[in-house]
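To start, the structure under review is shown below, and the notes come after it.
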Amino acid sequence: MILAGAQDPTLQTFENDVWWIVLIKLLGVFVVLLLLTLFTINYERKVVARMAVRPGPNQVGPKGWLQSMSDGVKLPFKEEIIPITADKVVYFIAPVISATTAFTAFSVIPFGGVVTMFGHRTALQLTDVPVSVLVLLACSSMSVYGVVLAGWASGSTYPLLGGLRSSAQMISYEVAMGLSIVAVFMTAGTLSTSQIVKAQAGNAPSSVDILGWHPTPPSWYAVLLLPSFIIYAISAVGETNRAPFDLPEAESELVGGFHTEYSSFKFALFFLAEYINMITVSALCTTLFLGGWRAPWPITAFWSGANSGYFALIWWVAKVLILLFGFIWLRATLPRLRYDQFMRFGWKVLIPVNLMWILFLAAVRVLNTEATPRNKWVVIAGMVLGVLLLAVFWPSGRKRPVQSLEEQLAERPPGSFPVPPMDLQVPPSPRARRAVAEREPATVGGGTTETPDDTPDEEV
C-alpha cells in the first residue's frame, strides 16, 4: 500500500470501487469492530478499576489485556439454556438483529480520505450515500427491536420489563438524538458523512455576518454547534443503554434485564452489540462534531501531511477512544436515574431545548441570507422580546410546602388504602384498646425464695 495525499472522497469515488476492494474494506471494517470491541471491554474494566483503586484484569496475557479474547473464545462453547416458555424462533432472531444492525451502522462511517490501495484509488470508508446519517439513525433504531423482542420471547417477567423499558427509552432519546443532528444538516447542507467531514476542514471562507461583523467561524461543529453537541452526547448515552441511563438492564431490580434468560453465544451477541453501538455513536460523534478523521488544529499547524493517507486512522482512533473514555467515566461516577427522572429529562428538557436551538439557527440563517439591515433589527428585537416573555410566563415550578403526616392523612379521601407510618412506629389500634398491667420485675438468678409462711417454693 502506498500513501496518498489528503483528498476528500465524493459519492463518485465509491461508485468506481472494484468488487474485491469493497470486499477488503468490508473485511477490514469487521476486523476493526471486533478488535475495538475486545479492546474496549478491557479498556473499560481497567479504567473503572483505576478509578476504584483496585487491580482490574491482570492475569490473562500481558497485564491482563487478553482477558476479553479468552472470554470471547469461551462463551460460544458454554452450555446454552433455553426456557421452556420461550418463543424459539424470536428467541433466536433477537440477538441476531442486535448484532447485525450494529455492524451495518458502521458501513457509512469514514475512517480517512482517499488513499491508494493495491494500485487502486479508494476511500477509507466502506460506502457513502446522500442520506448516510439517516442510515445510521435507522440502524440504531432497529437495534432496539432486538432488545424488545428478546424480552418478549424469553417468556419471563423480568426480561419483559426490561424490553418495555427499552422501547420507552428508544422513543425518548432517539427523538432527541435526531433533533440534535438537524443543526449539523442545516450548517453543512448535506446528509453525506464524507461531505460533513469535508465541511469541517476549516478552509471555508468567512460567511457569518453579525450586524456588519464578519468573524471566521470555527471548523468543528462541536464548537460552532455546542448545544447540539451536548444534547447528542447525552442522547447517545441513553441510546446505548449505558449508565446512568441503563434502565433496560437495571441489574439491581431486573436481574439482568432483557438478556436475563440468554446464555452462551446468544448472550455474547448481545454483549457484542452493546459495545459496537458504543463505538458507533462515538464514531458518529467524531464524524458530525469533531472533524472526522482530520487531525486537530495544533497538529496541522506544524505538520502539513498529518491528514495524508493512512495517518488519518490515527486521529480517528484517538478521537473515538476519548469519547469511549467519557462513557466509562460516566459509568464509574454517576448512579442510575429513576424511571420518572429519565423520562422527564428526555421529554421536558432535551427535546424542548433542541427545538428552541433549531429555531434560533433557522432565524440566524434567514437573517444572513434574506433579511435587510433594517429587518434584522426587527427580527432580533422580536427574538429578545420572545425570550423575555418566556422567562416571565414560564411556569415557576415551585414545590408545594412540606406537610406533616397528620395533614397528609387528613387530605386523603375516606376509604383510602391505609398508609404505614413514616416514623416506623406502629400506633396502637383504636379497635383493640386494652389496659396493659405493669409487671413486677422478675428475679434474676437461681436459688430459692421463701413464702410468708416459711414454706420453701419448688425450684424451677
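The values are calculated or read from the model by the stated rules, or taken from the named source; none is laboratory data. Not measured: the values here are computed from a predicted model. Reconstructed Cβ throughout: ideal geometry from the backbone, glycine too, with neighbour counts over all protein chains shown. Side chains are part of the model used for accessible areas, which takes the heavy atoms of the whole protein and leaves out ligands, DNA and RNA. Shrake-Rupley method; radii C 1.70, N 1.55, O 1.52, S 1.80 Å.
At a glance:
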{"item": "Conditions (1) open to solvent by 20 Å² or more (accessible area, probe 1.4 Å); (2) in a helix (DSSP H, G or I); (3) modelled with pLDDT of 85 or more; number of the one not met by Pro130", "result": "(2)"}
{"item": "Given (1) free of Cβ contacts under 8 Å to residues at least 40 places away in the same chain; (2) part of a helix (DSSP H, G or I), number of the condition Gln59 does not satisfy", "result": "(2)"}
{"item": "Exclusive hit being out of contact with any Asp or Glu (no Cβ under 7 Å at 6 or more places or on another chain) and either under 26 Å from Leu134 (Cα atoms) or modelled with pLDDT of 85 or more (or both), set Trp315, Trp297", "result": "Trp315"}
{"item": "Residue that is farthest from Val349 (Cα to Cα), among those in the range 399-427 that are open to solvent by 100 Å² or more (accessible area, probe 1.4 Å) and modelled with pLDDT of 65 or more", "result": "Pro414"}
{"item": "Flag if Pro83 is at pLDDT below 90, surrounded by fewer than 14 Cβ atoms within 10 Å (Cβ to Cβ) and of a type outside the set (Gly, Ala, Ser)", "result": "no"}
{"item": "Elements of type helices (runs of 4 or more DSSP H) contained in the range 234-339, each with 3 or more residues being open to solvent by less than 50 Å² (accessible area, probe 1.4 Å) and within 21 Å of Ile97 (Cα to Cα)", "result": "264-289"}
{"item": "Any pair with Cβ under 6 angstrom, 6 or more apart, that starts in the range 31-44 at a residue that is assigned to a helix (DSSP H, G or I) and ends at one that is open to solvent by 60 Å² or more (accessible area, probe 1.4 Å)", "result": "Leu38/Met69; Asn42/Trp65"}
{"item": "Only listed residue being of a type outside the set (Lys, Arg), touching a residue at least 40 places away in the same chain (Cβ under 8 Å) and either out of contact with any helix residue (DSSP H, G or I) (no Cβ under 6 Å at 6 or more places or on another chain) or closer than 29 Å to Phe345 by Cβ (or both), chosen from Ser140, Ser167", "result": "Ser140"}
{"item": "Test: residue in the range 81-103 that is out of contact with any strand residue (DSSP E or B) (no Cβ under 6 Å at 6 or more places or on another chain) and closer than 20 Å to Val317 by Cα", "result": "yes"}
{"item": "Unmet criterion (only one of (1) open to solvent by less than 10 Å² (accessible area, probe 1.4 Å); (2) assigned to a helix (DSSP H, G or I)) for Ser70", "result": "(1)"}
